[in-house]
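K.L.:
Right, I'll just put the structure down here and ask away after.
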Amino acid sequence: MCVSELKLDVLSSAVAGSAAGFRSITRLQPLEGPGGKIFPATYANGVYAVEKRRIVNDKGEETEVDCVLIDSVQAQSNRGELALKAAIERNKLSLPLVEVDFSAVTGLRTPVENQTSLDVPHRLADAILRDSELPDGTRFSKSDYAKRWSRSNLWDATAVYEYCPTALVFGMWGSPEKPGGLGAKFERAYVSEIIAVDVERVEKRFGFRIDPLGSSKNVGLKEKPDGSFDVGTGKTRPSELNHGNIPFESTNAGIRCRYAEQATVISLGALRKLRFPVNGNETSAVNEAGRTVLAALALCAGVLSSEAGTSLRSRCQLVPESERVWELIDKPGAKARTYQLNGEEVIALLNAAVKAAEAAGLSWMKQKLVLKPTKELAELVRQSQEAAAKEKGEGDTK
Amino acid sequence: MTVLGIRYLMGCAVSSDGTRQNPEFPPHPGRVFMALAAAHFDTKGDPQEKRALEWLESQPTPPNLRVPEFSPRRASRPRDVLETYVPVNDQGSVEALLNRTRQARSFPTVRLFGDKVYLVWQGDAPEDVRVALQRLCTKVTRIGHSSSVVQMWLGDPTERVEATLLADNLLSDRKLRVIEPGTLSYLERVFALGKFPRLDAWYGYRQASQPAAEVVPGPFDPNLIILQKLEGRSLGLESTLRLTSALRNAAMAALPNGECPEWLSGHAPDGTPSLKPHAAFIPLPFVAAEWADGHVVGMAIALPSGIPAQEIRRGLGALLFDSAGDERDVMLWEKQEWRWQLARETRDRPPTALRRETWTRPSRVWASVTPVVLHHYPKKNRPEDVERILFDAFESALLPKPRAISARPVSPLQGAGHAKSMPEFLEGGAALCRYQTHVVAEFEKPVQGPVLVGRGRFRGYGLFRPIWITGEASDE
């Protein structure tokens, strides 16, 4: 397979042409080696998502095998965003960001990390941003920023490009802003998921939490309201307060698989629907420049998240069998051209695309827009922490 | 021919049948058209694209489809629904950061064995329509959910695409949403209002018959016309003759001018019994499962192979459709004793007893559900005379000679019961043979169903079901 480096002119041509998109299919193995146990994502009631696939076995015969979804489309999008955020924090990458700063909120039991447009579930449309305010006290949802982006659509995506271009890559639906539930809506252009192929389920998991203190079940405890306890007087067993040996049994005991497969598609068709008028004027040069930036941004998410390592959850760390290769899917039936690029190269590609877009007249927000939570949002966070602490039997901060 | 190709780039399709719980696949032609129309509206497409869409909706019959096999993604515990919790965002009041409520959502998905689907219209699109369709196809990015990314294109007119699903309202076993003249205008209005569209035109489809090279065809068309019971008291297999006679009578009574073709009535023009293959009316019971009790779940009409579609429409159209061309229910009754309301089975996931493949899947081994009525009594002083007569019965039924036959009083299929629990088959006169027995037959090569053997085979006696043996694929 002939693999080339992906340059800006190739990317621009692909975006301006009729290619459907880029696709990368990569095989992964558990960190502990082929056949190692991994833990897939679980769904409501603790079930796995399973399906069948047909593969060619070692004898060259087609066979139907069981597969399990390890990481969903939504989870993979989140990982792409987190990889971009990590690159920003390491000063490798510069992107528009809207951030809600909780550092000044007092009275919290546990500090709350600042939330950026790359962290919050609904991106620019998220309620956390909506219920925060600019430094001058203007509520974000009433600010000029919100007024601009909430009127966005496919025909004028400029404001979203300026404030939160990742929303155009990973999708966004600004539903609360308009009556009837429809609002600024952008379909995702980045779709990725990881599936374990040819799976053997480990049926049950047994074990013990071994108590190094050797607490005896025959010693009764009596819980007190403040979370402490009296010893020797009550009927509560030490194990009920997480002391002592505690057995556990779980039906989600992980899986083993022949391999895991990560499939990622970046839809150029979705990006081609976007238009970026500037000051009321729209040109095809600006549109294509903006779309090229977004394509490069999507590639950044895919490449950087792979380089960050696929550590999906506890006991689910995967490593690729080979470097990621990206096919450009163009004419049906024609052999796809393939490209490879590492983190440095893809960031350089993005920067070049951004520069070209700026030269064409399309720019994005350079400074991070920092908001702070409104009083009521801060108060709700505080009260929620108090409520959670009470449930656990912890004392009041006041 | 005009062919549209769809390639699912992730190898799976994510779209719901409207319940948001079950996947919808294959993509209904109506859904594909909506994707094309959405691409046209989203990009404010030109009048040529509009004309191309109007050309598609003006086609007299919906497209045939070529669809890969697929497997639905489901929860690892069979009775659970695959749901994920997504954080809500559309609440009017301030929501706690830590306690944002989450809403259960499903993303019904199917994994495709093969990533391409084709829609094939019989008409040849004019050149300007082709150019516009090609342009429109490149704008379609998804069919279904936003994660169901696709590449779409206009196929080469010289390329032959063999359909696996045929548009056939009469012999259909499922219905798909389709388009009709005016669909584009409706979508345009709905799009302008910012609402979600709903297509209400449906058309029947059936699997194209694609027997494997080694499968031996039977005398009947495997495209059974299956009727599900909507209302009526529960009746067991012992009511077979009453049910099948009622269905046959209903088919005859529905014919205009009482002109009944020989392939339907089983009688030659002079009134004598026909020597040619003719329609069989059969019960479809709940058998071959752990708690099966043999009650009749629905009924079917098996047609002899090779009857032209026009002939079938003339013969059965009045039974199944009203004067406006809409499907109608079939009413069966027997004086004051019972009354049944039947309708054509078109559900995506009907019960096993009402699936065509349950009764027609090619198999080497078949077991009787209703006993086989012999053509003549076996001689008591001839050992294995029953088997000899049965071999002749298979030949009379235009089936290959089995490699082995086992006659037995009880069917191996749970729910089918003892041969003596079925009333004797008295049609044709009491002097005719009434000896009936259950049978298991094994053939050299897989035989395509339905398999009907013996004297009462056109009335539901001698109905067989394929069974599997160790080492072969199960039908469940």
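Values quoted throughout were computed directly from the atomic coordinates according to the rules given, and no laboratory measurement underlies them. Keep in mind the model is a prediction, meaning the values are calculated, not measured. Virtual Cβ from ideal backbone geometry, glycine too; neighbours counted across all protein chains shown.
K.L.:
What's the ranking of B:358-366, A:191-199, A:318-326 by average number of surrounding C-beta atoms within 10 Å, highest first?
P.N.:
For the peptides B:358-366, A:191-199, A:318-326, the packing ranking is A:191-199, B:358-366, A:318-326.
K.L.:
Taking only the alpha-carbon positions of region A:119-160 and ignoring solvent, what does the Debye formula give for the base-10 log of I(q)/I(0) at q = 0.18, 0.25, 0.33 Å⁻¹?
P.N.:
Results for region A:119-160 at q = 0.18, 0.25, 0.33 Å⁻¹ read -0.51, -0.87, -1.11.
K.L.:
Using Cα pairs closer than 8 Å and at least 6 residues apart in sequence, work out the relative contact order for region A:109-158, in percent.
P.N.:
Averaging sequence separation for qualifying contacts and normalising by length gives 16 percent for region A:109-158.
K.L.:
Further question on the same structure: May I ask for log10 I(q)/I(0) of region B:258-307 at q = 0.15, 0.22, 0.31 Å⁻¹, from a Debye sum over the Cα atoms as equal point scatterers with solvent left out?
P.N.:
The calculated log intensity ratios at q = 0.15, 0.22, 0.31 Å⁻¹ are -0.55, -0.78, -1.11.
K.L.:
With each pseudo-label sitting 7 Å past Cα toward Cβ, what's the B:L432-B:E290 distance in nm, one decimal?
P.N.:
4.1 nm
K.L.:
Below 28 Å, Cα to Cα, which lysines can B:K335 reach? Residues fewer than 8 away in the same chain don't count.
P.N.:
Filter leaves B:K229, B:K420.
K.L.:
Return the lysines within reach of A:K368: Cα separation strictly under 28 angstrom, same-chain partners fewer than 8 residues apart disregarded; answer none if there are no such residues.
P.N.:
Filter leaves A:K85, A:K92, A:K142, A:K147, A:K178, A:K185, A:K273, A:K355.
K.L.:
With everything on Cα atoms, drop me the angle between helix B:127-139 and the longest principal axis of chain B, reported from 0 to 90° to the nearest 10.
P.N.:
80 degrees
K.L.:
Per the helix-only calculation at 222 nm, which mean residue ellipticity applies to chain A, given -39500 (n - 2.57) for every DSSP H run of n ≥ 4 and division by its residues, nearest 500 deg cm²/dmol?
P.N.:
Rounded to the nearest 500, it is -8500 deg cm²/dmol.
K.L.:
Next question, about the same structure. Could you calculate the FRET efficiency of A:E323 with A:I55 from 1/(1 + (r/R0)^6), where r is the beta carbon distance between them and R0 is 25 Å, rounded to 0.05?
P.N.:
Taking R0 as 25 Å, the efficiency between A:E323 and A:I55 is 0.65.
K.L.:
A further question follows. How long is chain B along each principal axis, judged by its Cα atoms, biggest number first, in Å?
P.N.:
86, 57, 48
K.L.:
Moving on to the next point. Rounded, prolate or oblate: which fits region B:114-202 when a ≥ b ≥ c are the square roots of the eigenvalues of the alpha-carbon gyration tensor, with rounded for a/c under 1.5 and prolate only if a/b beats b/c?
P.N.:
Since a/c stays below 1.5, the shape of region B:114-202 is classed as rounded.
K.L.:
How far apart, in nm, are the 7 Å Cα→Cβ label points at A:A389 and B:R349?
P.N.:
4.8 nm
K.L.:
Report the Stokes-Einstein translational diffusion coefficient (µm² s⁻¹, integer) for region A:1-101, Rh taken as the Kirkwood radius over Cα pairs, at 25 °C with viscosity 0.890 mPa s.
P.N.:
It comes out at roughly 133 µm²/s.
K.L.:
What pairs from A:K366/B:K44; B:K175/B:K195; A:K7/A:K366 go past 28 Å between their alpha carbons?
P.N.:
Over 28 Å apart, Cα to Cα: A:K366/B:K44.
K.L.:
Same structure again: Membrane-span-like helices in chain A: DSSP H runs reaching 18 Å or more (Cα, own axis), mean Kyte hydropathy at least 0.0?
P.N.:
Sorted by number, the helices that extend far enough and score high enough are A:284-307, A:343-360.
K.L.:
Sticking with this one: Taking 1 over the mean of 1/r across every pair of different Cα atoms in chain A, what Kirkwood radius in Å do you get?
P.N.:
That comes to 24.2 Å for chain A.
K.L.:
Mind checking which aspartates and glutamates have their C-alpha under 19 Å from A:K224, skipping anything on the same chain fewer than 8 residues away?
P.N.:
Cross-link targets: A:E240, A:E386, A:E391, A:E394, A:D396.
K.L.:
I would also like to ask the following. For region A:273-398, what does the alpha-carbon gyration tensor say about shape, rounded, prolate or oblate, given a ≥ b ≥ c as the root eigenvalues, a/c under 1.5 as rounded, and a/b over b/c as prolate?
P.N.:
Here region A:273-398 falls in the oblate category.
K.L.:
What FRET efficiency would be calculated for the residue pair B:S234, B:S209, taking the C-beta separation as r and a Förster radius of 35 Å, to the nearest 0.05?
P.N.:
Calculated value: 0.55.
K.L.:
Kirkwood Rh, region A:69-175, all Cα pairs: how many Å?
P.N.:
14.9 Å
K.L.:
Express in nm, to one decimal, how much length is gained between A:E240 and A:A104 on full extension, taking 0.36 nm for each residue of separation and deducting their alpha carbon distance.
P.N.:
45.2 nm
K.L.:
What translational diffusion coefficient, to the nearest whole µm²/s, does region B:171-259 have by Stokes-Einstein, given a Kirkwood radius computed over alpha-carbon pairs, a temperature of 37 °C and 0.692 mPa s viscosity?
P.N.:
The diffusion coefficient I find is 181 µm²/s.
K.L.:
Could you work out, residue by residue across A:262-269, how many beta carbons of other chains sit within 10 Å of that residue's beta carbon, and then give the average as an integer?
P.N.:
4
K.L.:
Something else: On the principal axes of its Cα set, how long, how wide and how thick is the protein assembly as shown? Give whole Å, largest value first.
P.N.:
The Cα atoms of the protein assembly as shown stretch 102, 86, 56 Å along their principal axes.
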